[in-house]
Structure formats: structure tokens, C-alpha cells
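The values are calculated or read from the model by the stated rules, or taken from the named source; none is laboratory data. Quick caveat: nothing in here was measured; it's all calculated off a predicted structure. Because the Cβ atoms are built from the backbone with ideal geometry, glycine has one as well, and the counts that use them run over all protein chains shown. The area values use the complete protein model at the heavy-atom level, side chains included, leaving out ligands, DNA and RNA. Shrake-Rupley method; radii C 1.70, N 1.55, O 1.52, S 1.80 Å.
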Amino acid sequence: MAGIVRTLTKKLFISLNILLALCFLTACLVPYLHPARWWPVGFVGLLFPYVAILLFFYLIFWLIIKPRLALLPLFCLLAGWQQFASLFAFHFNKNQFSEVKIDPQVRVLSWNVGSMSGASKNKEKQKHARTEIADAIIKSKADIVCLQEFSHSSTQGPQANNLGLFKNDYPWHFYSQDYSRRQGFYQYGSVIFSRYPIIDSGKISYPGKRSESLIYVDILKAKDTIRIFTTHLQSFRFNDSDYQDMEKIKQQDSALFNASRNLYKKMQLAFTRRAIQADIVRGYTDGSPFPSLICGDFNDVPTSYTYSRIRGNRQDAFLACDFGIGRTYIDIAPTLRIDYILPDHRFTIHQFDMVDEDLSDHLMLLADLSLKK
């Protein structure tokens, strides 16, 4: 009897290992499969870090129990080295971010500011969030500021004139105004502020009735022209009821099926739209006549088609300077790095940091860069 139990247990562990290996190898293919045609793989890509951890434990387990079987998880982990290289930063001796800027370095800030209303649900605190966000940005001493989910009003008065918060420190800006209601009473989109002269700018709208855009500015620093792109890609658009659905799933609520279906449909749509947007972004960033960088909220992880497509052969400021997996979005999961600063290889990345100001559900990204001579 004991022998039968051992045999069945062994077969169960091997079967689970094979299923895990297939899931992991599928996740490794995610950057190469367009979600408009292969949208289910988007879900698998989100699981990559967790599947990798389980495979690593399987590797240790088989090395102890039956070393020959350790070849399967070992092969899978080696096959995923490119995914690990995009996901994990290996700078063990990361230096503390220095507030002192060294000329001719340019400090770039990217931040999803959540409509300038702050992270608190308290209405009174939300009134002060806009000035606190602006103060944190100005305090960072950034030269170029790229903000997503930026709101502004041209008719409500000083209490909603968010562009005016930056005019003394950043004389130049370009605002996408992707949404505008009641003749400017409420505006929303991405914005780029600059301490350097903006000599050109542009906006590329994404397809769809309620879509945001890719925007860029050409700044003049000394005799150099640099192109800065920023964007906010399609989100899952989770609302309060969706987060309640997540709790139902966690608690195995009786409404589990409907909750799962609602979330599934939103995620399917987002995977598809982001892929189309990523293709548009790649086309315009590749066509830049100047040294360029793109930053923003891509709403997708480093193991996704979106990230791989947009990044191409660009550098990733986090990977160049930091350590670990990183997290830029503080809700839902501890491994969601969905905001990026990606300069091309004509830049040197001197330092990078992610700052939690407790004023948004996203962290502020900072990077000091300079053009290679």
C-alpha cells in the first residue's frame, strides 16, 4: 500500500511539474504573440513571476529527491532568461539617489498623478492633493516632467487651474487634452512640462471613441535637440465594483462566475487595445530624427507584448540602475511594474529612483540622463 501511495504521489508531482513547465514556456512566448490575435496569452504573462518561483522550488525539490527530474524545471528556467532580463534588475550595489544634479545631465520625471486628486478617498484631503503633487514634483528638481492622468480646468478658476501650478518653474509645456467636457470645465490627458525651450510638439491619437494619445516634444538643451515621448495606454478600467468582484473571487463568493466573467471581458479588451497602441507607439518612436526617450504608464508588465514592442532595443532605466522586480503600481499585486522610462542608446543613464509620495496609486519615476558624446 505504501508503495502505491509513493508511486501516485510521484506521478502527481511530475504531472504538476509538466503543467507548470507548459505554463511557463507559454509565458515566455507572450512578448512575441500579438494579443489582438492571441489575447488569452496576456493572462499567462501576468503569472510569469509566480510560475517562475514555483518552478524554482520544483528545481530545488527534485535536486534533493531525484536529481534527474530537475532537468525539466532547469531547462524551463534557462529558456526564460530573456524574460528574467526584462523583469529583474541585478544591481546589488545600488546607490542612493542623489538630489544634486550634475550638468549636462537632464533629470526626467514620469508619474501617473491620478487626476491630481490624490490617493485618499477623503474629499477634504483631495482638495489639497493637487498642490501637494505639484510641490513634490517641483521639489524633485526635474528638468522634464511627464504626467499621465493629468486633469485641468480652464473655466473653474484657480482651484482647478492645474497647469498654473507649474508655470513659474516650467515655462514650457504641451498638454494633450484627450478629454474635454463642458467647454473646458474639465480636461484630462497627458502633459509634458519643461525647463528647456520646446521647439516642436505633436499628438498622435489612438483609435477608439474614448482613447488617449501619444504625445511628444522636442526640447533644445544647449545645441542638442532631444525628443521626449509620453503616453498612457489602455487600462483595465477597473472600478469599485470590479475590486469588489476581486474580493468575491478571493472569498469564493456565490457570485464567483459573474465576477470572473466581468473582469475577464475587461482584461481581454485591454490586452487587445494595448497591443494596437503599442504598435503605433513603436512606429513613431522608431521614426524620431533626434535622440529620444519614451516614458509613461503602459499598464502592462515587463513580460508583456506591450512592453517588449515599445521597448525594442531601448534601455530601461530601472534595469540599468536598480535591483529586484520593482513595483510602480501599488494596488492589486506586489509585482506590477507598469510605468517606465526608456531612453535610446544615445543616452547614458546615471541614476534612477522610484518614489512613493503617497499621493497617487502609482510611484513617481526619476532618472538622470545625458547624451553620449
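Just so you know, the averaged projected area of the alpha carbon convex hull for the stretch 266-337 sits at 5.4 nm². For the stretch 189-238, a simple Cβ point-charge model (Lys and Arg +1, Asp and Glu -1, everything else neutral) yields a dipole of about 140 debye relative to the Cα centre.
Ligands, DNA and RNA excluded, the heavy atoms of Glu149 present near 40 Å² of accessible surface to a 1.4 Å solvent probe.
As a fraction of the 1.4 Å probe accessible area of the stretch 1-96, surface on carbon and sulfur atoms comes out at 75 percent. In the chain, helical runs assigned H by DSSP with n ≥ 4 each contribute -39500 (n - 2.57); averaged across all residues and rounded to the nearest 500, the mean residue ellipticity at 222 nm is -12000 deg cm²/dmol.
As a test of reading the structure, rank Lys373, Lys121 by solvent-accessible area (1.4 Å probe, protein chains only), most first.
Working: Lys373 195, Lys121 165 Å².
Putting Lys373, Lys121 in descending order of accessible area: Lys373, Lys121.
Ranked by the mean number of other Cβ atoms within 10 Å per residue, highest first, peptides 315-324, 46-55 order as 315-324, 46-55. Dividing the alpha-carbon radius of gyration of the chain by the rule-of-thumb value 2.2 N^0.38 Å gives 1.09. Placing unit charges on each Cβ (+1 for Lys and Arg, -1 for Asp and Glu) gives the stretch 121-207 a dipole about its Cα centre, and among Asn122, Cys146, Val191 the Cα reaching farthest toward its positive end belongs to Asn122.
Heavy-atom accessible area, probed at 1.4 angstrom with all protein chains present, ranks Trp172, Trp39, Trp81, Trp111 as Trp81, Trp172, Trp39, Trp111, highest first. Taking only the Cα atoms of the stretch 7-59, the radius of gyration and Dmax are 12.9, 44 Å.
Accessible area per residue, 1.4 Å probe, Å², for the stretch 322-373: what's the number?
39
Pairs from the list Lys11/Lys66; Lys121/Lys203; Lys141/Lys203 with a Cα-Cα gap above 22 Å: Lys121/Lys203; Lys141/Lys203.
With a 1.4 Å probe and all protein chains left in place, how much accessible area per residue does the stretch 65-160 have, in Å²? Present the calculation step by step, with values, prior to reporting the outcome.
Working: 5350 Å² over 96 residues.
Accessible surface, normalised per residue, equals 56 Å².
Sorting the segments 296-308, 185-197 by their residues' average number of neighbouring beta-carbon atoms within 10 angstrom, most packed first, yields 296-308, 185-197.
Please work out how much length the chain gains when fully extended from Leu19 to Asp224, using 0.36 nm per residue of separation minus the C-alpha to C-alpha distance, in nm with one decimal. If you can, show how the numbers build up before the last one.
On the way: separation 205, 0.36 × 205 = 73.80 nm, distance 5.31 nm.
Going from the current span to full extension adds 68.5 nm.
Please work out how much length the chain gains when fully extended from Phe43 to Ile204, using 0.36 nm per residue of separation minus the C-alpha to C-alpha distance, in nm with one decimal. The partial results should precede the final answer.
Numbers: separation 161, 0.36 × 161 = 57.96 nm, distance 2.81 nm.
Taking Phe43 through Ile204 to full extension adds about 55.2 nm, to one decimal.
Each Cα pair under 8 Å and six or more residues apart adds its sequence gap; the mean of these over the residue count of the chain is a relative contact order of 19 percent. Charging the Cβ of each Asp and Glu at -1 and of each Lys and Arg at +1, and nothing else, the dipole of the stretch 266-310 about its Cα centre rounds to 160 debye.
For Ala85 and Thr348, the difference between the fully extended length at 0.36 nm per residue and the C-alpha to C-alpha distance is 92.8 nm.
If you place +1 on the Cβ of every Lys and Arg, -1 on the Cβ of every Asp and Glu, and leave all else neutral, what size is the dipole of the chain about its Cα centre, to the nearest 20 Debye?
Details: 43 positive and 33 negative charges, 202 e Å.
Computed about the Cα centre, the dipole is about 980 debye.
Each label point was placed 7 Å from the Cα along the Cα-to-Cβ direction; for Ser180 and Asn161 their separation is 1.8 nm. A 1.4 Å probe over all protein chains sorts Ile330, Ile219 by accessible area into Ile330, Ile219, starting with the largest. Screening the chain for whole DSSP H helices with an alpha carbon extent of at least 24 angstrom along the helix axis and a mean Kyte-Doolittle hydropathy of at least 0.0 yields 2-29, 48-65. Placing unit charges on each Cβ (+1 for Lys and Arg, -1 for Asp and Glu) gives the stretch 48-207 a dipole about its Cα centre, and among Leu77, Ile204, Phe92 the Cα reaching farthest toward its positive end belongs to Leu77.
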